[in-house]
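For reference, the structure is listed below as structure tokens.
Please treat every number below as a calculation from the coordinates, not as lab data. What you see is a predicted model, and the numbers here were worked out from it, not measured in a lab. Cβ: placed from backbone, ideal geometry, glycine included. Neighbour counts: every protein chain shown.
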Amino acid sequence: MKKLNWGMIGGGEGSQIGPAHRLGAQADGNFTLAAGALDVDAERGSAYAQSLGVAPDRAYADWQEMLAGEAARRDRVDLVTVATPNSTHFEITKAFLEAGFNVLCEKPMTLTVEEGEEIVRVARASGKICAVNYCYSAYPMVREMRQMVATGQLGKVRLIVTNFSHGHHGDATDADNPRVRWRYDPAMAGVSGQFADCGIHALHMASFIAGDDVSTLSADFASTIPSRVLEDDAMVNFRMAGGAVGRLWSSSVAIGRQHGFDIQVFGETGGLRWASEQPNQVYYTPVGGRTQIMEKGEAGLSDEAGRLSRVAIAHPEGFPLAVANIYVDLAAAIRGEARDSLPLAEDGLRSMAAVYAAVASAKEHGAWVDARPPMFR
Ligand SMILES: NC(=O)c1ccc[n+]([C@@H]2O[C@H](COP(=O)([O-])OP(=O)(O)OC[C@H]3O[C@@H](n4cnc5c(N)ncnc54)[C@H](O)[C@@H]3O)[C@@H](O)[C@H]2O)c1
């Protein structure tokens with residue numbers, strides 16, 4: 001099958017998420033890195049793109065030059081990944097969608113609900129794909145959990161408990177480090193710190209596995225390091241449209257927790273437990289029965305979990321290959337196949353509505369508020 005042309009904005013040398021995208025997009029032979037504006041520093045970005053094999057005339061100085069250059073080409077990129085800092089996502093994503101490109105945007109998709117609604121409108125009008133990189137939803141065993149819920153193996157979901165809590169910003173003596181400080185500064189990060197950064201992954205995961213949307217929530221935010229304006233710890237209770245109860249804790253000062261993302265789903269006839277640090281295993285307990293450890297690659301799993309596994313049972317298949325699974329589904333969708341598990345602009349918008357709802361609730365001492373985007377009410 002002919003490879004698709006892929007372009008990247010941001011994700012330059014030394015960036016956190018850039019390597020996972022490059023490994024992910026190219027893992028299965030679907031995409032070739034054909035163009036890029038990889039760095040806020042034009043020269044550095046162009047040099048790095050060329051070192052990765054991008055032709056000099058497609059190693060652009062900035063995203064505007066890339067948009068003009070690619071739009072004029074017959075072999076224009078089939079997909080653009082936006083992996084720049086949060087405040088630039090809206091402008092870049094909107095411009096590329098309007099010019100007729102498919103986009104994979106990093107989370108959070110936008111900084112405001114209004115911008116999120118605008119991206120949904122533009123994506124729908126363009127007929128192009130606008131995906132959002134909720135990559136944890138693409139681990140094979142997360143897909144397995146989703147299938148188990150969808151096929152009724154847990155009965156009705158009653159309760160979801162999820163955490164995305166690490167301790168990497170817990171050292172008060174490091175709080176002024178520029179790489180840490182901006183995350184708690186409203187001018188750089190928007191209205192929310194930790195919840196918008198990590199909590200929305202957990203909230204998306206809850207919706208993804210349950211196959212349901214968050215309708216209301218109540219939040220308690222804390223800035224446990226006094227110099228911080230935005231929260232470094234958030235506790236969010238939520239309710240889903242179908243009645244499931246949700247509990248979400250997201251923290252960056254939980255010293256000793258490393259990646260710290262886990263989820264438990266409790267239904268009428270069984271419970272599931274999964275953690276990102278052991279992504280190949282799901283713990284499943286049927287009501288009245290023993291706990292079973294389900295392993296990626298074993299017999300009897302769903303086709304969905306099977307098709308997203310590449311290596312044999314018990315071999316670790318980690319984060320970059322979860323990102324790769326997003327690209328597998330994107331390549332299929334670009335080639336015209338239906339992919340209902342791909343996180344889309346609508347999911348990015350729901351996250352932003354939840355962020356604003358949580359901020360409003362926290363200001364009102366945990367009052368319950370509507371968490372749905374206005375355009376979906
Ligand atoms: N999905 C995930 O699990 C996940 C994980 C980490 C980061 N992220 C998201 O990825 C994005 C980037 O985060 P990061 O940690 O890699 O940031 P980073 O600061 O490590 O890297 C950002 C990169 O973007 C480049 N850049 C900045 N402005 C640019 C511009 N205008 N044009 C082109 N390049 C530009 C920088 O030079 C740098 O190479 C953020 O939105 C973050 O929330 C997502």
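List of remarks:
- Look at the alpha carbon pairs under 8 Å that are at least 6 residues apart: their mean separation over the length of the chain gives a relative contact order of 19 percent.
- Straight-line reach from K107: taking Cα to Cα under 25 Å and skipping same-chain neighbours fewer than 8 places apart, the lysines in range are K94, K128, K363.
- Overall Cα dimensions of the stretch 4-135 - principal axes, largest extent first, Å: 38, 32, 29
- The simple spin-label model puts a point 7 Å past each Cα toward its Cβ; for A275 and A312 those points are separated by 2.8 nm.
- Scaled radius of gyration (Cα, divided by 2.2 N^0.38 Å) that the stretch 329-377 gives: 1.60
- The chain: proportion of alpha-carbon pairs further apart than 30 angstrom, %: 39 percent
- 3J(HN,Hα) along the stretch 34-51: 10, 8, x, 10, 8, 9, 5, 8, 4, 5, 4, x, 5, 4, 5, 4, 5, 5 Hz, from the Karplus curve 6.51 cos²θ - 1.76 cosθ + 1.60 with θ = phi - 60°, whole Hz, x for Gly and Pro.
- Efficiency of FRET between R124 and D370 - r from beta-carbon atoms, R0 22 angstrom, step 0.05: 0.45
- Convex hull volume of the Cα atoms of the stretch 127-260, normalised per residue: 140 Å³.
- Candidate lysines for bridging to K156, where Cα separation is under 28 Å - those fewer than 8 sequence places away on the same chain excluded: K296
- A Cα-only calculation for the stretch 242-365 places Rg and Dmax at 17.7, 51 Å.
- Theoretical gain in end-to-end length, R335 to A95 [0.36 nm per residue, Cα-Cα removed]: 84.2 nm
- R247 versus D57: modelled label distance in nm, points set 7 Å from Cα along the beta carbon direction: 6.1 nm
- The stretch 59-169 - Kirkwood radius from inverse mean 1/r over Cα pairs (Å): 16.5 Å
- Length-normalised contact order for the stretch 4-135 - Cα pairs under 8 Å, 6+ apart - percent: 22 percent
- Protection proxy ranking of 257-268, 82-93, 333-344, by the mean of other Cβ atoms within 10 Å over each peptide's residues and highest first, is 82-93, 257-268, 333-344.
- DSSP finds beta bridges in the chain, and of those with both partners inside it, around 60 percent are antiparallel.
- Stretchable slack from T112 to R377, in nm (0.36 nm times residue separation minus alpha-carbon distance): 93.7 nm
- In plain terms, the residue of C198, C135, C105 with the fewest other Cβ atoms within 10 Å comes first and the most crowded comes last, giving C198, C135, C105.
- Take the Cα of R290, step 7 Å toward its Cβ, do the same at E43, and the gap between the two points is 6.6 nm.
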